[in-house]
Amino acid sequence: MTKIDRYILILFARTILICFLSIGGVFVVFHAFSNLDDLIRLGNDSGSMTMALIGFYGPYMLMLFDWTAAIIALMSMLFTVGWLRRSGEMTALLAAGVHHGRILRPMLVMVVLVIVGQWGLREFVIPSYREVLTSKPDELRVARTQAMLPSYDKSSGIQIEGEGLYPSESKIDRPSFRLYASLPDYGDIIDGAAATWQPESDQLPAGYLITGVTRPARIDDLDSGIVNDRPVIMTRKALPFLQPGECFVATTLNIEVLRDNPRSTRMAGLAELIRRIRNGSVHSSKDLHTLLHDRMLRPPLDFCLVLLGLPLVVNRGDKGLFNVIGQAIGIVLLFFGLKTFSAAMASGGYFLTPALAAWVPLIVLGPLAYVRYREAQEQ
């Protein structure tokens, strides 16, 4: 790496940082003033206002970076090259025989690093902060139930309902497990005070431990409920370590499946989305399939977005900087408009499958992005 490469790389990275901090600062100011009383109470409860703000807005900054990194990279390239032109350094480089493609190379390397970092945050970091990102400040102070989506387990014939969820505790408040399978000893429902999700272990399959069972009466005296030759409902007769009034219901429908919050689903990692779609016990919507394919193709699509704007970076002509930025915004709107239109077509079942809906933007824009990249290289 030459000295000029390092200079352009540092200038570009600094521009990205300034743009992101500017956007993040505006977001924090507007959001904080809209929730000022709740944030003050959250700070008083935690003992430190600074740590409370970092704990609450830190995950939001990660999510904001995931949403805007590609757009910020494109705009930062425009600002960086604009600065090189204004300072006369671009003229000196071109006069020395350095073509535009060589000048853009360190910035494209940085764009790749930004997209890789964006992918890492999206898949491994943001999913662990879903509780903060889907809650208001006052909801973090006091544990409150969140809305629950009743879900049917096709493999066991049980529909899981309840008053609400405590996601941080993996618990259902006042659960009602409706039994559609043939289990005459249990009637048609199991009611309890709470149901806690238990991951699969050596002793038990994955499922819910229901405490304070009120229906059916005398749950401890019942034998295990068998569906399709496998135990689905287990009582103290099968599991002596259970306390009186407890039973265990085997199911693969975990707390995340039951959350009635599309934002939480969109923040799930790729591995979790794959597991959910492969789970034969629960119905997977077309929206979920489209989201999976869109997530897989997100990195190359983000890089395509940057490549589409390269000719604007290297060939401004007599256009002003803000005129060029306006054209770049038009490219961004076209890019996301095509993605949104394809996803809507797949979700409604019109012409496009979920997989094809995710590929259409790349099929349409990929060749165009390559042509514009070659055009920028040759100038």
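The values are calculated or read from the model by the stated rules, or taken from the named source; none is laboratory data. Nothing here was measured: the structure is a model prediction, and the numbers come from that model. Methodologically, a virtual Cβ is constructed for each residue, glycine included, from the backbone with ideal geometry; neighbour enumeration extends over all protein chains shown.
Structure above, values below:
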| read-out | value |
| --- | --- |
| Unmet criterion (only one of (1) buried (at least 18 other Cβ atoms within 10 Å of the Cβ); (2) of a type outside the set (Phe, Trp, Tyr); (3) in a helix (DSSP H, G or I)) for LEU352 | (3) |
| Residue, farthest from the chain's Cα centre (by Cα), within segment 111-139, restricted to residues that are surrounded by 19 or more Cβ atoms within 10 Å (Cβ to Cβ) and more than 30 Å from LEU42 (Cα to Cα) | VAL111 |
| Among the candidates PHE33, PHE27, PHE65, residue that is farther than 30 Å from LEU305 by Cα and without any contact (Cβ under 8 Å) to a residue 60 or more places away in the chain | PHE33 |
| When residues of segment 329-349 are limited to those that are surrounded by fewer than 20 Cβ atoms within 10 Å (Cβ to Cβ) and either among the small types (Gly, Ala, Ser) or in contact with a strand residue (DSSP E or B) (Cβ under 6 Å, 6 or more places away or on another chain) (or both), the one nearest to MET75 (Cα to Cα) | GLY330 |
| Candidate set from segment 196-224 (those that are of a type in the set (Gly, Ala, Ser) and either in contact with a Ser or Thr (Cβ under 7 Å, 6 or more places away or on another chain) or over 14 Å from THR235 (Cα atoms) (or both)); member that is surrounded by the most Cβ atoms within 10 Å (Cβ to Cβ) | GLY207 |
| Search result, residues across segment 301-322 that are in a helix (DSSP H, G or I) and exposed (fewer than 13 other Cβ atoms within 10 Å of the Cβ) | PHE322 |
| Out of ALA52, ALA95, sole residue that is without any contact (Cβ under 8 Å) to a residue 24 or more places away in the chain and touching a Pro at 6+ places or on another chain (Cβ under 9 Å) | ALA52 |
| Filter result (surrounded by fewer than 17 Cβ atoms within 10 Å (Cβ to Cβ) and touching a residue at least 60 places away in the same chain (Cβ under 8 Å)) within segment 83-92 | TRP83, ARG85 |
| VAL360 in contact (Cβ under 8 Å) with a residue 40 or more places away in the chain and outside the structural domain of GLY101 (by TED's automatic domain parsing) | no |
| Any chance LEU183 is of a type in the set (A, V, I, L, M, F, W, C), surrounded by 14 or more Cβ atoms within 10 Å (Cβ to Cβ) and more than 23 Å from PRO150 (Cβ to Cβ) | no |
| Qualifying residue in segment 148-155 (condition: part of a loop (DSSP other than H, G, I, E, B) and buried (at least 16 other Cβ atoms within 10 Å of the Cβ)) | yes |
| Unmet criterion (only one of (1) touching a helix residue (DSSP H, G or I) at 6+ places or on another chain (Cβ under 9 Å); (2) among the hydroxyl-bearing types (Ser, Thr, Tyr); (3) under 17 Å from ILE160 (Cβ atoms); (4) crowded, with 17+ Cβ neighbours inside 10 Å) for SER284 | (4) |
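Conditions (1) at pLDDT 90 or above; (2) surrounded by fewer than 19 Cβ atoms within 10 Å (Cβ to Cβ), marked per residue:
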position: ILE8; (1), (2): yes, no
position: GLY24; (1), (2): yes, yes
position: PHE30; (1), (2): yes, yes
position: LEU42; (1), (2): no, no
position: LEU64; (1), (2): yes, yes
position: ALA69; (1), (2): yes, no
position: MET77; (1), (2): yes, no
position: VAL81; (1), (2): no, no
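Each row is one residue, and each column tells you yes or no for (1) modelled with pLDDT of 90 or more; (2) within 30 Å of ASN44 (Cβ to Cβ).
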site	(1), (2)
ARG141	no, yes
ALA147	no, yes
SER155	no, no
GLU161	yes, no
GLY164	yes, yes
SER170	yes, yes
PRO184	no, no
